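In what follows, a structure is listed as structure tokens, so that the remarks can point back to it.
Where a number appears in this text, it was derived from the coordinates with a stated rule and is not lab data. Predicted, not measured: the structure shown is a model, and the values here were computed from it.
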Amino acid sequence: MKCLRLILLLSVMAVLSCDDDPEQNPEGFTEFVTNIDGDWKIDQVLQNGNDITDLMDFQSFSLQLSYENGIPSSYTLSNLTTPFALEQASGSWSFDDPVYPTKINFSDGTSLDIQGAVLSGGDELTVTVPMGCTSNTYTYRLSK
């Protein structure tokens, strides 16, 4: 009789402990799109690892990246005389991946490789800028 009571008690506990439907997020999993809008200035330029920031006027450079409805939309480059990969003063831009970007693609066909993680709302961005000879690597550290 004790064995029957034990089996009955365990059965009732097993039924009561089961959850009919596990709790799920009705909206599903949402990843946030990276947002780097703002006015970016050059802090440092490295050519093949050597700091060349003081050799040219990088202070007049400004790259304005804008978003429309949370999506990268347009850019404006303030100074075309500063050595930078873009040839057009304005156009559109996008990321290669909106959540985990590794490249910034511009409407003139230029792509900049992003170094490190990109943080939404962050104030630092490091990119590799392709200019001329492939044996020269230019790394630009930008800040807002």
Diffing the stretch 72-84: the Karplus 3J(HN,Hα) column from phi (6.51, -1.76, 1.60, θ = phi - 60°), in whole Hz with x for Gly and Pro, holds x, 10, 9, 9, 9, 9, 7, 9, 7, 7, 6, x, 8
Could you give me the ³J(HN,Hα) list for the stretch 127-144, computed from phi with Karplus coefficients 6.51, -1.76, 1.60 and θ = phi - 60°, whole Hz, x at Gly and Pro?
-> 10, 9, 10, x, 9, x, 4, 6, 7, 9, 10, 10, 10, 10, 9, 10, 9, 8
Pop out the ³J(HN,Hα) list for the stretch 39-49 in order, Karplus 6.51 cos²θ - 1.76 cosθ + 1.60 with θ = phi - 60°, rounded to Hz; leave Gly and Pro as x.
-> 9, 9, 10, 8, 9, 8, 10, 10, 10, 6, x
Amide H contacts of residue 103 (H built 1.01 Å from N, under 5 Å, at least 5 apart or other chain) | 96, 97, 114
Between residue 126 and residues 5 or more places away or on another chain, the pairs with built amide H atoms under 5 Å apart involve 115, 142
If the chain between residue 92 and residue 119 were fully stretched, how many nm would it gain, using 0.36 nm times the residue separation less the Cα-Cα distance?
-> 7.7 nm
How much length is gained if the chain between residue 60 and residue 76 is pulled fully straight, taking 0.36 nm per residue apart and subtracting their Cα-Cα distance, in nm to one decimal?
-> 4.4 nm
Distant-in-sequence amide H partners of residue 44 (H built 1.01 Å from N, under 5 Å) = 141
